[in-house]
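The values are calculated or read from the model by the stated rules, or taken from the named source; none is laboratory data. Computed from a predicted model, the values in this text were never measured in an experiment. Glycine gets a Cβ as well: all are built from the backbone with ideal geometry, and neighbour counts include every protein chain shown.
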Amino acid sequence: MLTRAHLYVIGDVIKVGFRAWARIQIHAYNLTGWIRNVYHKPEIFGPHGGVEMVLQGKEQDIQGAIEAIRQGSPFSRIDDIEIKHEDPTETFQEFTVLKSESFNHRG
């Protein structure tokens with residue numbers, strides 16, 4: 001059964017290769033969705049931003065990917081991950097690294 005998880009990854013995850021590393025992890029679990037840096041949601045990420053992602057696939061694959069993501073990439077630090085499980089409203093064909101989302105883009 002197809003399921004979806006919306007993740008907010010909080011910590012030092014911007015400009016440390018986290019999105020590229022996460023994409024490799026996600027592909028290993030055959031998941032689809034997207035990932036992007038987000039700077040404009042300080043109520044979630046704090047003043048330095050964080051990473052938002054949507055994972056879609058089988059529940060056990062999503063859980064495996066989340067456990068890998070909790071470990072973080074070599075140069076990142078994961079402080080917390082907020083996870084919201086959702087019913088899929090669309091079907092993704094692949095896992096995509098999106099452009100950063102920001103009102104005042106910093107890079």
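Values computed for the structure shown
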read-out: Residue in segment 1-10 that is surrounded by the most Cβ atoms within 10 Å (Cβ to Cβ), counting only those that are in contact with a helix residue (DSSP H, G or I) (Cβ under 9 Å, 6 or more places away or on another chain) and closer than 19 Å to Glu67 by Cβ; value: Val9
read-out: Subset of segment 1-29 [touching an Asp or Glu at 6+ places or on another chain (Cβ under 6 Å) and either of a type outside the set (Val, Ile, Thr) or under 17 Å from Arg77 (Cβ atoms) (or both)]; value: Arg4, His6, Tyr8, Ile10, Gly11, Tyr29
read-out: Selection status of Ile14, touching a Gly at 6+ places or on another chain (Cβ under 8 Å), in a helix (DSSP H, G or I) and buried (at least 17 other Cβ atoms within 10 Å of the Cβ); value: no
read-out: Residue satisfying all of: in segment 17-60; modelled with pLDDT of 95 or more and at positive phi; surrounded by the most Cβ atoms within 10 Å (Cβ to Cβ) among these; value: Gly57
read-out: Near pairs, Cβ below 6 angstrom, 6+ apart or cross-chain, from segment 47-66 (β-branched (Val, Ile, Thr)) to any residue that is buried (at least 17 other Cβ atoms within 10 Å of the Cβ) and part of a loop (DSSP other than H, G, I, E, B); value: Val51/Val13
read-out: Segment 1-24, residues that are more than 11 Å from the chain's Cα centre (by Cα), more than 13 Å from Ile83 (Cα to Cα) and of a type in the set (Lys, Arg); value: Lys15
read-out: Output for segment 28-65, where each listed residue is among the hydrophobic types (A, V, I, L, M, F, W, C) and part of a strand (DSSP E or B); value: Trp34, Ile35, Val38, Val51, Met53, Val54, Leu55
read-out: Segment 67-101 - residue that is in a loop (DSSP other than H, G, I, E, B) and among the aromatic types (Phe, Trp, Tyr) and, of those, nearest to Ala20 (Cα to Cα); value: Phe75
read-out: Hey, Gln25 under 19 Å from Val97 (Cα atoms) and either among the hydroxyl-bearing types (Ser, Thr, Tyr) or assigned to a helix (DSSP H, G or I) (or both) or not; value: yes
